[in-house]
Structure formats: C-alpha cells, structure tokens
Amino acid sequence: MLADVDMPKRDGYEVRQSICEPVRSKGEAAARPPAPIVTDELIEEIVSRVTQRMSDRVVRETVTDIVSQTAEDLCRTRSSG
C-alpha cells in the first residue's frame with residue numbers, strides 16, 4: 001500500500017522542477033526566444049498601430065453604412081416616382 005511507502009515530502013516548487021527538468025534537458029526551453037523588453041516606446045507604438053487599425057475599420061464601416069442607406073433611399077425614390 002502507498003501508506004507503507006516512506007515518500008519524501010516536496011513542496012510545489014520541487015515538484016514543478018522535477019516535472020520540467022526532462023523538458024529542459026532536451027533543449028526545448030533554450031529554443032524559445034527571450035521575452036521582449038517592454039519600453040514606453042514599444043507601448044506607444046502598439047497603441048498607435050491599434051488606434052490606426054481601429055480608425056480604418058470605423059471609417060470603412062461608416063462609409064459602408066452611408067452608401068447602403070443612400071442606395072436604399074435612391075431605390076425607394078425611383079420606384080415611387
């Protein structure tokens with residue numbers, strides 16, 4: 001039975017280390033690129049790009065809505081007149 005086996009007690013860190021050690025030994029951890037350094041300039045660049053993309057999308061959606069509504073109005077005007 002397991003109760004009869006004298007197992008050493010290990011904390012969560014030791015357990016994680018024993019699980020992850022085979023992965024590290026295969027070099028998989030070394031294959032990962034280093035984490036990027038997040039600077040204020042990087043954050044500003046990301047914000048700028050997201051804002052630009054959102055703005056383009058909003059403009060396209062607005063133009064699509066206006067053109068669709070205008071086309072519907074013209075069709076109604078021509079068919080009633």
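The values are calculated or read from the model by the stated rules, or taken from the named source; none is laboratory data. This structure is a prediction, so every number in the text was calculated from the model and none was measured. Cβ: placed from backbone, ideal geometry, glycine included. Neighbour counts: every protein chain shown.
Some observations on this one:
- If you go through the stretch 29-81 and keep only what is surrounded by 10 or more Cβ atoms within 10 Å (Cβ to Cβ) and either under 30 Å from I19 (Cβ atoms) or in contact with a Pro (Cβ under 6 Å, 6 or more places away or on another chain) (or both), you end up with just A29.
- Considering residues of the stretch 1-25 that are exposed (fewer than 10 other Cβ atoms within 10 Å of the Cβ) and not in a helix (DSSP H, G or I) only, the residue modelled with the lowest pLDDT: M1
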